[in-house]
Amino acid sequence: MSARTPVRVAVIGAGLAGAAFALRLAQRASDAAQITLIERSAWPRAKVCGCCLNEGAVQCLEQLGFGEWCRDAGVVVDRVLLCSATGRATIAKRPGLAILRSDLDEMLVSEAVSLGVRFEPRTSAAIVEDYDWGGNRGGMKAGARGARDGDRSPRSLRLRTQAGDRVIDADVVVAADGLGGASCGADPAFAERVDADGRFGVGCVIDAAAVEPARMPGDGEIAMYVAPHAYVGLVRLRDGRVNLAAAVDVAWARDLGGPAAAVGQTLRIAGGPVISPEALQLRGTSRLTRSRRRVASRGVLLLGDSAGYVEPFTGEGMAWALAGAMQLAELVGSAIGAGERGKLWRDELGIAWQNWHQSHIRSRQRSCALIKPLLRSPLVTRASVWSLAHVPLVSPTVSRLARHLERPYFEANETIAHHAGARSPDNSRSNDDARLVTPATRVTT
Ligand SMILES: Cc1cc2nc3c(=O)[nH]c(=O)nc-3n(C[C@H](O)[C@H](O)[C@H](O)COP(=O)(O)OP(=O)(O)OC[C@H]3O[C@@H](n4cnc5c(N)ncnc54)[C@H](O)[C@@H]3O)c2cc1C
């Protein structure tokens, strides 16, 4: 590959997944890649999140060079206090860290920028869908295209800012635009399945003075309050404030008059603290549980929540986003080593990512999804909390199960060939091949 023509990698969304990917790729291949990180919001931006990084997520941040920063900015959390109408129980967990999301995301982006990543906040990106995979692009005005005639870039993005629209080309696009990300919405390859009775998320950061002192979450504790139609998580941050995140039934919140009422009611039912209503300045998300059959197609790779998500009770989302970002940067980095501008995309890259995502992320999401029906049954919730509190073997067993979810995400030296190698794809075939990936063809590492 010529050093004069770095390949163009466009990353949509500067959340944890997009920022970590851009940073990792810049660390790995900064001279060979021209990386653009596009973010819709003004920066930094608030994010609905429980803010609890599990051990796997912390390990990824350490590999990115943020170990010390995380230890300074975070609070160690090593147990979950589970509360329901009938009681409370404490479950030990592997130590993780609670860190304010906006601080974490901002830190990753600034480090990426310092390594040469071009960051474009307040810019909304959409993949131009009129691309003809035969090698011609349609739909664009001839004048807009003239200067780039003959350029074989696989994908074009339309960037929308207050100043107007413009189009850029990219050899590979990583869509990390979060829950229900719509940047590739027009591409049927990425059709999304949304759980019709899925909950939505809400969250905010609260001054300690607004939380009933006697029921303030303890140091090192994630307090989870579970009611039949919602659950609320509270954790103390380094600056003494309390982060609140909740998953709430849509219809229930509507009947109660809104998310703040639903959060207050959940805390009341499950014996949580009283929080002054003015402090509940909640932000919301769309429905949480969703999946896509494919996470790679024709020059576009989906990453983080955009590739699929399940309700956040077990607090895995950031680990999925970070581990995925690390792995995808390795895959794209090795493709850059072997490719060149205009010819970077190969079906093997898409298949490798589809395989890895299926075997390392989707499989964990399926395990987490098993908890969903339990949380919706008042009887089961009560029985679980009671047995956790009173039956000696239950709590250690649950801790062991939680540790299973935190098993390592990837081994060193995984390569594209390794992940694509479940089948050896034929370059002449369409990359619709990726849809053939099934559990039977999973690569286990
Ligand atoms: C209530 C709740 C509690 C949670 N608690 C935890 C927890 O305790 N621990 C944990 O590990 N995980 C938790 N999660 C999950 C975690 O927040 C997510 O998995 C994680 O944020 C995913 O990161 P991401 O980068 O994929 O998405 P995001 O962080 O959402 O980033 C996506 C970014 O893309 C931008 N964007 C969207 N569209 C466009 C566009 N068209 N153009 C440009 N930019 C765009 C958005 O503005 C956003 O900044 C929780 C989630 C919820 C909802």
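Here are the numbers for the structure shown:
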item	result
Of ALA329, HIS357, GLY339, farthest towards positive along the dipole that unit charges on Lys, Arg, Asp, Glu beta carbons give region 297-367	GLY339
Convex hull volume per residue for region 164-302, taking Cα atoms only, in Å³	176 Å³
Gyration tensor (Cα) of region 225-301, equivalent ellipsoid semi-axes in angstrom	29, 17, 11
Segments 7-15, 257-265 sorted - mean Cβ within 10 Å per residue, highest first	7-15, 257-265
Residue exposure sequence - THR161, THR285 - by fewest surrounding Cβ within 10 Å	THR161, THR285
Three-way shape label, region 15-65, alpha-carbon gyration tensor, a/c 1.5	oblate
Residues ASP305, ASP165, ASP347, sorted so that the one with the fewest Cβ neighbours within 10 Å comes first	ASP165, ASP347, ASP305
Chymotrypsin sites (Phe, Trp or Tyr not before Pro) lying in DSSP loop within region 290-359, provided at most 10 other Cβ fall within 10 Å	none
Ranked list, fewest to most other Cβ atoms within 10 Å of each Cβ, for ASP197, ASP103	ASP197, ASP103
Distant-in-sequence amide H partners of SER41 (H built 1.01 Å from N, under 5 Å)	ARG122, THR123
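Read-outs throughout are calculated quantities, based only on the coordinates presented, and are distinct from any laboratory measurement. If you're wondering where the values come from, they're calculated on a predicted model, not measured in any experiment. Every residue, glycine among them, receives a Cβ derived from its backbone with ideal geometry; neighbour counts consider all protein chains shown.
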